[in-house]
Amino acid sequence: MKLHITIFFPLALIISLFSFLGCEDETVKADPLLQLYIINYMDLHYTNSCQYPKITLTKGNTFPIEIKKDERIWFRFSNINNANINTNASVYSFKISKQPNTELLFFTNDSCGRYIDSSYVRLPSTVTPTELTYKLYPSDIRRSEGVAQIKNGYYIEVISGDPNIVIWQE
């Protein structure tokens with residue numbers, strides 16, 4: 001059984017910590033370093049996470065990015081400029097341009113906010129020394145509607161080589 005996570009538990013924990021750390025009586029002193037750590041964590045969570053990705057890829061636009069070792073830059077695919085996304089006959093692809101010596105992995109998480117890191121590696125459909133092509137499905141692009149809708153998140157992990165890559169959706 002996978003552990004369900006909602007945004008309310010971490011938010012309640014952080015509010016409790018702020019309340020506790022904000023006490024200024026003689027027995028408990030606020031720790032400014034811990035407060036900064038919590039603020040930094042929340043900033044990273046809400047600006048670069050599975051539920052709140054840093055980049056939204058729109059078909060036809062390229063995004064040059066640098067991914068440092070052990071860093072994740074989360075992104076999502078936009079449904080803008082994608083005609084007929086509700087049919088399985090449409091062909092969509094995600095491409096990564098890289099240096100020949102660069103090794104990387106493309107991860108998908110199709111349960112953002114539901115399970116602790118349920119990301120899995122996607123295999124490319126076409127490989128050249130400088131470009132990787134991945135097949136996208138309508139569920140990768142389909143617009144999420146409603147608060148309860150599960151959203152997908154994606155990231156790339158650089159294993160070795162040049163961390164500067166270019167990503168785009170076709």
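Rule-based calculations on the coordinates, nothing more; no lab input. If you're wondering where the values come from, they're calculated on a predicted model, not measured in any experiment. We place every Cβ from the backbone using ideal geometry, glycine too, and count neighbours over all the protein chains shown.
Details
- Ser118/Ser78 FRET efficiency (R0 25 Å; Cβ-Cβ; nearest 0.05): 0.65
- Under 5 Å, built H, 5+ apart or other chain: amide partners of Ile73: Ile156
- Computed lengthening from Ile38 to Gln99, 0.36 nm per intervening residue step minus Cα-Cα distance: 18.3 nm
- Spatially proximal lysines relative to Lys135 (Cα-Cα < 27 Å; intrachain offsets below 8 disregarded): Lys54, Lys59, Lys68, Lys69, Lys95, Lys98, Lys151
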